[in-house]
1. I'm trying to understand the selection: among the residues of the range 416-448, which are touching a helix residue (DSSP H, G or I) at 6+ places or on another chain (Cβ under 9 Å), of a type in the set (Phe, Trp, Tyr) and assigned to a helix (DSSP H, G or I)?
2. Considering only residues of the range 320-346 that are outside any helix (DSSP H, G or I) and within 24 Å of GLY431 (Cβ to Cβ), which is farthest from the chain's Cα centre (by Cα)?
3. Can you name every residue in the range 350-386 that is among the β-branched types (Val, Ile, Thr) and in contact with a Lys or Arg (Cβ under 7 Å, 6 or more places away or on another chain)?
4. In this structure, does GLU221 turn out to be touching a residue at least 60 places away in the same chain (Cβ under 8 Å) and loosely packed, with under 15 Cβ neighbours inside 10 Å?
5. May I ask you to verify whether TYR76 is touching a helix residue (DSSP H, G or I) at 6+ places or on another chain (Cβ under 8 Å) and either under 19 Å from HIS97 (Cβ atoms) or surrounded by 15 or more Cβ atoms within 10 Å (Cβ to Cβ) (or both)?
6. Report, by residue number, each residue of the range 324-351 that is surrounded by 14 or more Cβ atoms within 10 Å (Cβ to Cβ), aliphatic (A, V, I, L, M) and at pLDDT 95 or above.
7. Count, please, the residues in the range 202-216 that happen to be among the aromatic types (Phe, Trp, Tyr) and free of Cβ contacts under 8 Å to residues at least 12 places away in the same chain.
8. Does THR113 satisfy being of a type in the set (Ser, Thr, Tyr), part of a helix (DSSP H, G or I) and either in contact with a Phe, Trp or Tyr (Cβ under 7 Å, 6 or more places away or on another chain) or farther than 24 Å from GLY431 by Cα (or both)?
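The values are calculated or read from the model by the stated rules, or taken from the named source; none is laboratory data. Just so we're clear, the structure is a prediction, and the values are computed from it rather than from any experiment. Because the Cβ atoms are built from the backbone with ideal geometry, glycine has one as well, and the counts that use them run over all protein chains shown.
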Amino acid sequence: MLKNKQKNRLSLEKHHLLLAFTILYFLTFGIFMAHTSGQPDQAPHSYISRQFSQTWGIPEDNPDSQYIITGQPYLYYWINGAVYKIYRQIFPNGNLHPTLLWRLVSVLYSTFTVFFTYKLAKKVSGNPFIGVLSAFLLSNTLMFVYVSGGISYDNLMNLAAIASIYHLVCVFKKEDFIRHTMLTGIWVVIGSLAKDQYLLLALIIFLIWIFFIIRNFKQIELNFNKTNIFLSIIFVVFLCLFVGLYGNNLIEYSRITPLCYQLRGIGQCRTYDYRYEYYEPFNLQWMWFVRDNLSDPFRYAFTFWIYKMMESIWGILSHNSFIPIFSVSLHGILLVWALFSLVKNWKFINKLTLLLISILVAYAGYVFLWNYKREVEFNFQHYVVTGRYLLPIVGVLQSIIIIAFMKIRNNFLRRMSIAMAIIIYFSGGLGMFLSRYSEVFTHWRLYY
């Protein structure tokens with residue numbers, strides 16, 4: 001008995017040390033990326049963050065600016081503004097550039113995303129080492145780390161995504177229904193107030209939560225202790241903010257977020273004018289007449305979209321781009337092997353893993369349909385087709401990959417699969433950054 005306790009304690013210590021190493025590893029990589037340029041949409045994110053740093057409320061739109069604030073998700077920018085104001089109060093003579101400060105805040109968001117990926121994979125599998133491996137894979141996903149070093153609401157949205165999915169899994173494991181329902185709801189609202197793209201994931205999570213209630217209505221236990229009451233109050237406050245933003249927008253603008261021309265003259269709103277020479281509004285009648293000239297969805301998915309997603313998740317596709325073709329191909333092979341392993345050992349997959357797969361397929365399927373619709377509208381010019389829109393569920397994907405490899409029955413193949421995953425991800429992550437730094441990344445370096 002004593003030997004078993006010592007063995008379990010030693011295993012626990014190893015798992016904690018590996019997790020601490022992974023977190024420190026990601027922080028180092030993220031800070032490196034915070035000193036690089038070219039992340040998507042830095043100009044509007046920086047401008048709006050500066051506007052929020054001048055008030056504790058919601059700033060008014062500047063009619064001379066091309067960016068709009070009215071009716072847009074604001075939480076990411078409000079936090080940036082609050083962080084800068086607090087920093088100036090604590091260090092009135094501090095010389096930390098606000099751009100670097102906000103980039104470091106983004107790295108912090110993504111550090112918690114890595115941590116929740118560990119918690120999610122551990123919760124689903126029951127194995128803390130699967131959690132650590134999943135977190136390590138996410139820490140070496142090139143586009144994820146690259147965006148983490150920039151000023152972007154994507155980082156807060158990605159954290160809210162993985163945290164809400166984690167608490168949803170806890171609901172499915174029948175752990176304190178009130179507590180984890182409230183925490184799921186709080187994170188869902190945080191993500192929705194950070195970026196409207198999150199609303200899709202919010203819908204998926206809500207439908208799955210409803211499904212759980214219908215299936216387990218009689219077994220649900222409601223525990224209204226002090227902590228749960230406190231969490232319920234916080235959720236209600238956040239829900240009021242959610243309704244206040246999106247409810248008001250639906251009433252006033254008939255949209256979840258207003259279009260620029262609904263707030264200003266059309267002349268101030270035309271950005272990306274060159275794109276509109278290809279634009280044809282999407283409608284089924286028009287598609288019927290041009291059906292023979294369209295790329296069908298299956299061909300588009302397997303000849304373009306899937307590989308485009310891969311090269312812009314395990315490569316960098318933004319204002320600065322870097323696509324390591326060989327590394328992307330190795331990640332693709334790893335994905336195919338994980339899928340094969342998953343199918344081969346399907347009968348050993350538990351219900352929580354099926355839940356993750358359902359979320360992954362639903363979210364990725366929507367992004368594909370949204371991309372295909374945009375492609376049809378813009379004559380397949382490949383605008384806004386990038387793996388960055390899949391980053392909210394990349395941690396889910398990597399948890400499934402490690403779980404699939406751990407289900408391989410052959411001991412040699414299982415170990416080789418895990419080893420190859422570690423090697424491929426490190427070589428395509430921090431290893432890639434260091435080995436190609438003088439060739440690529442030194443030219444992207446920012447000096448504050």
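1. TYR425, PHE426, PHE433, PHE441
2. PRO324
3. Within the range 350-386, VAL384, VAL385 meet the criteria.
4. Answer is no for this residue.
5. Considered against the rule, which asks whether it is touching a helix residue (DSSP H, G or I) at 6+ places or on another chain (Cβ under 8 Å) and either under 19 Å from HIS97 (Cβ atoms) or surrounded by 15 or more Cβ atoms within 10 Å (Cβ to Cβ) (or both), TYR76 comes out as yes.
6. Selection gives VAL328, LEU330, LEU334, LEU335, ALA338.
7. Qualifying residue count for the region: 1.
8. Here the answer is no, as THR113 does not meet what is asked.
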